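Heads up: the structure comes next, in structure tokens.
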Amino acid sequence: MSAQAEVKIDPVRLPADLKARHGVRLRTLDDNSLLNFARGFKLWLSADWQTKEAIEKRERLLTSKGYPPGNTNRDYQECFEIMMEDGTYAARTRLQWSIHDFMWDRTMRAFYGDADHYLQAMEETDNAGPGSLTLRPDIAIPDYARHEIHRQPGGFVGDAFAGWVYHYALSLAHYPGVSDNDEIFFQIAQSHPIPADGKVARIIDIGCGPGQSTTAFKQRFPDAEVWGLDISGPMVRYAHHRAAKMGIDVHFTQDLAEEMPFPDNHFDIVNDYIMFHESNREAMVKAVKEVFRVLRPGGVFGHLDAFTAGHPTRQPPGDIQGKAMLWNIYRNNYEPFYLDYSELEFPSVLAEAGFEVNLDGPAVLWNGRPRTLATKPV
């Protein structure tokens, strides 16, 4: 096959062999059962919460208390405090926080309770193929990467099992039905546009985390050279272990998206999924410029993240309910840069870096959110 060979995979109806290859399961029934409980509880909490009827009911309550509908100049925290005046809203929010902490706690207990087994498993694949792993123990980790994002204990860089914990917690409890077997990541890879000339020889997945979209890209383009990059050593170490056990030939490196160790004009496709809102504003802008540098003329950068200012039709919400939701994400899911990202005119940042920008790229099915595409001019 040539470097342009493609394999079409239906993310909605994955065959049994791919489900078995991509699915995860903890080693004991008790651990799986506890995370299954967290999953069910999260589903129950989210049921009907964002329906039209529920939103309208809360809007009527706000109006009855003297808060008019529509956009407001009130700040995010004040909007959240207004919503917390409603007992139902406050109770749901409290339960949401508690089950989230339970999810992390039970997942970490599973790995630390069997630490020798998992540490040995990674040691056995650190230098094994297919693919490769590059760890940089002396790399300077910026302050923005040291936060306990999503309230994950130890964050992405401070816990040896960060990759395991993140992958298993999100697959088994946090994103039920969309990442049980990497469905969402197959969707990202399968729907990503390719350069107009059809050439796809090199791909990089920045902010790759446990490498789920990285391996999905390799399965779509089996002859392409595929890289996953993340500043977290524990993340890429686990990502490589997982890919090696799956027999998927991808390369993982511990590096910054704003300082990539690759030459100019090197990649045909650059992908990121929910990476930018985990960085401070300075790093976001630098990373966009770096993506432009490593992408070859005609290459395509696919960006999929939360809504930001600067989009003509999909800006962040500005009413009390919407601002309260953003504050809840920022403070209580501990996303310290989420508001900075949502207020950044990201399309303008892309254009200023030199990209041709398309705000309505192919959507990912699980939430219908369109991908922002940025093409490097030929």
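FYI, it's all coordinate maths here, none of it is from the lab. Note that the coordinates shown come from a computational prediction; the quantities given were computed from them, not determined experimentally. Here Cβ is always computed from backbone atoms with ideal geometry, including for glycine, and neighbour counts include all displayed protein chains.
Tell me the mean residue ellipticity at 222 nm calculated for the chain from its helices only (DSSP H runs of n ≥ 4, each -39500 (n - 2.57), averaged over every residue, nearest 500).
-13000 deg cm²/dmol
So which residue, out of GLU259, GLU183, GLU278, gets the largest mean-square fluctuation from a GNM of the chain using Cα contacts under 10 Å as springs?
GLU259
Neighbouring Cβ atoms within 10 Å as the yardstick, rank SER98, SER179 fewest first.
Ranked by crowding around the Cβ, least crowded first: SER98, SER179.
Across the stretch 16-375, how many lysine pairs separated by 8 or more positions, or lying on different chains, have Cα atoms within less than 16 Å?
So the count works out to 4.
Taking only Cα atoms and a 10 Å spring cutoff, compute GNM fluctuations for the chain and point out the largest among TRP227, TRP97, TRP327.
Between TRP227, TRP97, TRP327, it is TRP97 that shows the largest mean-square fluctuation.
Could you give the dipole magnitude of the stretch 301-376 about its Cα centre, charging the beta-carbon of Lys and Arg +1 and that of Asp and Glu -1, in debye to the nearest 20?
With only Lys, Arg, Asp and Glu charged at Cβ, the dipole is about 220 debye.
Summing +1 for each Lys or Arg and -1 for each Asp or Glu, what net charge is found among the other residues whose Cβ lies under 12 Å from the Cβ of GLY198?
It works out to a net charge of -2.
Of all the Cα-Cα pairs you can form in the stretch 237-358, what percent are over 16 Å apart?
67 percent
Between the stretch 195-247 and the stretch 138-174, what is the separation of their alpha carbon centroids in Å?
Comparing the Cα centres of the stretch 195-247 and the stretch 138-174, I get a distance of 19 Å.
Could you give the length gained by full extension between ALA16 and SER132, i.e. 0.36 nm per residue of separation minus their alpha carbon distance, to one decimal place?
Result for the pair: 39.0 nm of gain on full extension.
Identify which of TRP164, TRP44, TRP104 has the largest mean-square fluctuation in a Gaussian network model of the chain, with springs joining Cα atoms closer than 10 Å.
Looking only at TRP164, TRP44, TRP104, the biggest GNM fluctuation is shown by TRP44.
Take the chain, compute every pairwise Cα distance, and split them into 20 Å bins from 0; I just need the percent in each bin.
Going out from 0 Å in 20 Å bins, the chain shows 27, 59, 14, 0 percent.
Pick out, from THR88, PRO142, PRO130, the residue whose Cα sits farthest towards the positive end of the charge dipole of the chain, with +1 on the Cβ of Lys and Arg and -1 on the Cβ of Asp and Glu.
Of the listed residues, the answer is THR88.
Explain nothing, just compute: Karplus ³J(HN,Hα) = 6.51 cos²θ - 1.76 cosθ + 1.60, θ = phi - 60°, for every residue of the stretch 178-185 in order, whole Hz, x for Gly and Pro.
10, 9, 4, 10, 6, 3, 4, 6
Taking the DSSP beta bridges in the stretch 142-266 as the whole, what percent of them are antiparallel, to the nearest 5?
10 percent
Nearest 5 is fine: what % of DSSP beta bridges in the chain come out antiparallel, could you say?
Bridges in the chain are about 35 percent antiparallel.
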